[in-house]
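S.K.: One structure follows; several queries about it will come next.
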Amino acid sequence: MDELLSVKSLFAYYETPTGVVRAVDGVDLRVDKNESFGICGESGCGKSTLALAILKLLKYPGYIKSGEIIFENTDIIKLDEKSLREIRWKKISYIPQSSMNALNPVKRIFDQFFDVIKDHTNGSVRKSEVKQQVKGLLESVGLSPEVANMYPCELSGGMKQRVIVAMSIALTPSLIIADEPTTALDVIVQRGIIQLLQDIKNKLKNSLILISHDMAVQAQISDKIAVMYAGKIAEIGKLNEIFHRPLHPYTRALISAVPLIKSDKIIRGIPGKPPSLKNPPSGCRFNPRCPESLQGKCDVEDPPLIEINDDRVVACHLYV
Amino acid sequence: MEINSNLLEVKNLTKIFYVGSIFRRQELIAVDNVSFHIPLERPLIFGIIGESGSGKTTVARLILGFIKKTSGEILFKGKNIEKFKGKELKNYYREVQAIFQDPFGAFNMLHSVDRVLKTPIKKFNLAHSNNEAMELISKSLEAVGLNAENVLGKYPDQLSGGERQRVMLARTFLIRPKLIVADEPTSMLDASLKADILNIIKDFKEKSLISFIYISHNISEVYYVSDMLMTMYLGSQVEIGITKEVVKEPLHPYTRMLMDSVPVANPEQKWREKIMLPAIEVEQRIKLARACKFYDRCPKRMNICHTKIPPLIDISKDHKVACFLYS
Amino acid sequence: MSVLRKLSFNAINIKAGRFLSNKWLCTGLTFFVVIIMISVIGVILFPSDYMRIGRFPLERPPSKENILGTDSMGRDVFFSLLMATEKSLLVGLIVAAVGTFLGAIIGFTSGYIGGIFDSITGVIIDFFISVPSLLFLILISALIKVMDIRQVALIIAIFSWAGAARGVRAQTLSLKERDFINVSKISGMNSMEIIAFDIMPYMAQWLSAHFINSFLGGILAESGLAILGLSAMNEMTLGMMLYWSITYNALMRGLWWWWGSIIAMLTLVFTSLYMMHIGLDKAIRKM
């Protein structure tokens, strides 16, 4: 089977003094081998929580309420810390949001690589062995080997991000999860980073989950895209299907909101506000803002996830 | 006396910051000899694009008078704005306004949002009675798609980012200036909200005849909204022209690299070549050699680019490039 | 002038709502107000010759005529106490008012103007903070022949403005760069208005806490000087009363009504002020 990761009915919530935030409220998805899987949606839709949940990195007050995360035939949720450490970084690596700020400001780059490699390797590791490896990793992201001796503050944003990418492939994982890897980066550097991620995917044959609200970036390298809204999946499909034949009204609205350079397309915003994840509206979460909402149905019943074919699902009453 | 037909004229504007301690002072050339103008007779949205470190925000702050220039001139309706103080400065702000990037930081958390709407009315004498003021406020909020009932009396943290940015736009609508400097007004908003703000700005220009200087690193947005476009690189202006022309046929190698790197939300239009990011980067705005700043990364560089500063060359009436390829 | 009026309205508005629900603050404030009222009214009601040396028999314990007895110089202790409290409160008030307001003005102005002016002012502020104030106070008081309690208060105030200035300057420097200050600028507000309406509200609670702190500090400092015999000798403050009671060895000689009432009053004043301080501190935290 080509399947690498399968998420089934995942619920991940946050407990706050004013109520439970239902950040991931029933998500199903599947990532195949050597596939670039994009998750897009606006702020607050739950995509970052989803990433953390997949790696079981949710810390209090966040917790996984229920669901299954099947990776290489094992349910990650049922694993203990020891087994998880075998998976993290070695099988699944993670590039967090604002990861440029995740670098330790008082340690040299080489030492930070060494820490990561040492923590996730069984047995002892010597600095001299790692030196060659680090040089190779830096070169693979287009950085000069001199960078290993530098401190994070001496590097630009783009360089720091490339260091993070290099760290994420240090132990050749089969899945890389990148959460908004290019926000705060300039347009040319963004292109460099995204192309780098694609290069890596072609060489190491790993899968990539790219989380980005930027539809234009998704259009560059994703094979499949999942659109999230208010903690739920709205639609999943192949890249061309999502862009040229979007089914869910939210996907359509999202695409209409993005300006298209060199074209005369008029863009339109979506009226209203994203719903509160503590008190979501009854029925379909998108129905208060949906131009095609069916009264009596959409505001009452939560739409089921309908499978159009193997690669295409949509959660909308219009397609029942 | 020369009749100046420009609303705003920026001539050879340069701003140098001094960084470092007293013992090791270094020059940081944030804005390097930039010139452009906004005409008087018709409204224009002038876009400024550039990456971080390009100096575009510094240009905004210079035009708004928040910092003083090092050399060059900024003329508003022919008058040098550096000399504006007190009443003259207030009159300047009556005609030149701004929208900022951070919709949260633009409000004082301890006051209700009403204050940003009421203060200009009072200070610029925009209404003669309380009733008139309230009507003006209501109309302005309507113009940006907000309902006065849902907004007035609330504190900034009770409104969403998109709503706050709209209130800021309502504020400028109220004042009805001739020019609005918008510094990254949508970069902290979601896609669905960005579209509304961009459309409101277009509306302001068409219906209220207000000109804009629209500064952003998001080139697709600038393409959507602006009539003229200026590219900046490390403080220098690199190309200036009509937006559609500059985007479709960029002349300067840097503008070309930028346009090629803009991700398009269409799977049929992916990036073609692979870009080479520099193996190591050095802070280049400090004491730059007097030559083309793009030399290191330029695919079309020549010997002369390394030795002389490229002059701004007129390609056509509205299109200028600072590149030796065209001399 | 209208700026000042609006300023005070603003400050009151911000304070009123939150503070009244604060238990510490209210209790402390109640005690404090009671103390003020008693001392002021008492001073008005009693004939002033109750303070004349030898007016009453010396060192008498509490009786019907003298509620708290008399001291070693034949003065009525109760009346002395009221007078002394009033004078001490006056010292506290002068120190707090001058210290906090002067400090605030210097802090706001220096922070807002910035540049070299601010750097120099910063150094001056730091100097006054790091200097051991009591030592200097003793030195100054020993050199200058102080006659008036108000002069003593002003001398003490020299060392209390720096604390307020430092806090205010730091906050002003950080707020100055925020966009909302720029929005106020382009709305036609001038520097004074921006300081008053945009920056000051952030400091209102902190400054109130500082005011109370200075009040307390001022009374303490004056009492310290008085005990050493360096305050205004002709005036009667709580510190002076302590001085006289030490001079006449009241503790050893069992004149409990004398030293006891001074200690009790001092404790009451300090406790009420401290309660108010805690209350304000809690309120700031909630913000």
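The values are calculated or read from the model by the stated rules, or taken from the named source; none is laboratory data. Just so you know, these numbers come straight off a predicted model, no measurement behind them. Note that we place each Cβ from the backbone using ideal geometry, even for glycine, and neighbour counts take in every protein chain shown.
S.K.: Pick out, from region A:1-42, the strands (runs of 3 or more DSSP E) lying fully within it that include 3 or more residues that are acidic (Asp, Glu).
M.R.: Counting at least 3 such residues, we get A:19-32.
S.K.: Say we look at region B:26-74 and pick out the residues that are of a type outside the set (Gly, Ala, Ser) and touching a Gly at 6+ places or on another chain (Cβ under 6 Å); which of these is nearest to the other protein chains (Cβ to nearest Cβ)?
M.R.: Across region B:26-74, the extreme among qualifying residues is B:56.
S.K.: Which of (1) within 14 Å of chain A (Cβ to nearest Cβ); (2) within 21 Å of the chain's Cα centre (by Cα) does residue B:174 not meet, given it meets every other one?
M.R.: Going through (1) within 14 Å of chain A (Cβ to nearest Cβ); (2) within 21 Å of the chain's Cα centre (by Cα) one by one, residue B:174 breaks only (1).
S.K.: Next question, about the same structure. Hey, can you tell me all the residues within region A:172-203 that are under 26 Å from residue A:253 (Cα atoms) and either assigned to a helix (DSSP H, G or I) or away from every other protein chain (no Cβ under 12 Å) (or both)?
M.R.: A:178, A:179, A:180, A:181, A:187, A:190, A:191, A:194 - these are the residues of region A:172-203 that are under 26 Å from residue A:253 (Cα atoms) and either assigned to a helix (DSSP H, G or I) or away from every other protein chain (no Cβ under 12 Å) (or both).
Rundown of residues vs (1) at pLDDT 95 or above; (2) of a type in the set (S, T, N, Q); (3) buried (at least 24 other Cβ atoms within 10 Å of the Cβ); (4) touching a helix residue (DSSP H, G or I) at 6+ places or on another chain (Cβ under 8 Å), yes/no style:
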{"position": "B:165", "(1), (2), (3), (4)": "no, yes, yes, yes"}
{"position": "B:176", "(1), (2), (3), (4)": "no, no, no, yes"}
{"position": "B:188", "(1), (2), (3), (4)": "no, no, no, yes"}
{"position": "B:194", "(1), (2), (3), (4)": "no, no, yes, yes"}
{"position": "B:208", "(1), (2), (3), (4)": "no, yes, no, yes"}
{"position": "B:214", "(1), (2), (3), (4)": "yes, no, yes, yes"}
{"position": "B:217", "(1), (2), (3), (4)": "no, no, no, yes"}
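S.K.: Could you figure out which of (1) in a helix (DSSP H, G or I); (2) in contact with a helix residue (DSSP H, G or I) (Cβ under 7 Å, 6 or more places away or on another chain); (3) in contact (Cβ under 8 Å) with a residue 60 or more places away in the chain; (4) away from chain A (no Cβ under 11 Å) isn't true of residue B:325?
M.R.: Among (1) in a helix (DSSP H, G or I); (2) in contact with a helix residue (DSSP H, G or I) (Cβ under 7 Å, 6 or more places away or on another chain); (3) in contact (Cβ under 8 Å) with a residue 60 or more places away in the chain; (4) away from chain A (no Cβ under 11 Å), the lone unmet condition for residue B:325 is (2).
S.K.: Would you mind telling me which numbered condition in (1) assigned to a loop (DSSP other than H, G, I, E, B); (2) surrounded by fewer than 22 Cβ atoms within 10 Å (Cβ to Cβ); (3) of a type outside the set (Ser, Thr, Tyr); (4) out of contact with any strand residue (DSSP E or B) (no Cβ under 9 Å at 6 or more places or on another chain) residue B:265 fails?
M.R.: All conditions are met except number (2).
S.K.: Now for a separate question. With region A:204-301 as the region, which helices (runs of 4 or more DSSP H) entirely inside it contain at least 1 residues that are more than 10 Å from chain B (Cβ to nearest Cβ) and among the hydroxyl-bearing types (Ser, Thr, Tyr)?
M.R.: Filter on region A:204-301 gives A:249-256.
S.K.: Check region B:310-320 and report whether any residue there is outside any helix (DSSP H, G or I) and surrounded by 22 or more Cβ atoms within 10 Å (Cβ to Cβ).
M.R.: yes
S.K.: I'm trying to understand the selection: among the residues of region A:136-171, which are buried (at least 17 other Cβ atoms within 10 Å of the Cβ), more than 12 Å from chain B (Cβ to nearest Cβ) and free of Cβ contacts under 8 Å to residues at least 40 places away in the same chain?
M.R.: A:137
S.K.: Here's another thing I want to ask about it. Got at least one residue in region C:184-203 being out of contact with any Asp or Glu (no Cβ under 7 Å at 6 or more places or on another chain), closer than 15 Å to residue C:100 by Cβ and assigned to a helix (DSSP H, G or I)? Even if it seems obvious, please write down each step before you answer.
M.R.: Taking region C:184-203 and keeping what is out of contact with any Asp or Glu (no Cβ under 7 Å at 6 or more places or on another chain), we get C:185-203.
Going one step further and asking which of them are closer than 15 Å to residue C:100 by Cβ, we end up with C:200, C:203.
With the extra rule that they be assigned to a helix (DSSP H, G or I), the set shrinks to C:200, C:203.
Within region C:184-203 (the criterion being out of contact with any Asp or Glu (no Cβ under 7 Å at 6 or more places or on another chain), closer than 15 Å to residue C:100 by Cβ and assigned to a helix (DSSP H, G or I)), the answer is yes, since at least one residue qualifies.
S.K.: Is there a residue in region B:259-268 that is more than 8 Å from every other protein chain (Cβ to nearest Cβ) and touching a Leu at 6+ places or on another chain (Cβ under 8 Å)?
M.R.: no
S.K.: Identify, by number, the condition in (1) farther than 29 Å from residue B:62 by Cβ; (2) away from chain B (no Cβ under 14 Å) that residue C:173 doesn't meet.
M.R.: Here residue C:173 clears every test but (1).
S.K.: Separate question: How many residues, within region C:226-244, are modelled with pLDDT of 85 or more and either out of contact with any helix residue (DSSP H, G or I) (no Cβ under 7 Å at 6 or more places or on another chain) or closer than 16 Å to residue C:83 by Cα (or both)?
M.R.: 9
S.K.: Next up: In region C:168-180, how many are surrounded by fewer than 22 Cβ atoms within 10 Å (Cβ to Cβ) and in contact (Cβ under 8 Å) with a residue 12 or more places away in the chain?
M.R.: 5
S.K.: Name the residue that is farthest from residue B:161 (Cα to Cα), counting only residues in region B:101-132 that are within 8 Å of chain C (Cβ to nearest Cβ) and surrounded by 22 or more Cβ atoms within 10 Å (Cβ to Cβ).
M.R.: Step by step, filter region B:101-132, then rank; the result is B:120.
S.K.: If you don't mind, there's one more thing I want to ask. Take the conditions outside any helix (DSSP H, G or I) and without any contact (Cβ under 8 Å) to a residue 60 or more places away in the chain and apply them to residue C:230. Does it pass?
M.R.: The answer is no for residue C:230.
S.K.: Something else now. Run down A:91, A:135 and say which single residue is over 27 Å from the mean Cα position of the chain (by Cα) and on the phi < 0 side of the Ramachandran plot.
M.R.: When all the criteria are applied, what remains is A:135.
S.K.: Next up: Out of curiosity, is residue B:239 more than 9 Å from chain A (Cβ to nearest Cβ), touching a residue at least 60 places away in the same chain (Cβ under 8 Å) and out of contact with any helix residue (DSSP H, G or I) (no Cβ under 7 Å at 6 or more places or on another chain)? Write out each step before concluding.
M.R.: Working: more than 9 Å from chain A (Cβ to nearest Cβ): yes; touching a residue at least 60 places away in the same chain (Cβ under 8 Å): yes; out of contact with any helix residue (DSSP H, G or I) (no Cβ under 7 Å at 6 or more places or on another chain): no.
No.
S.K.: Which residues, counting only those in region B:21-53, are among the polar types (S, T, N, Q) and modelled with pLDDT under 90?
M.R.: B:21, B:26, B:52
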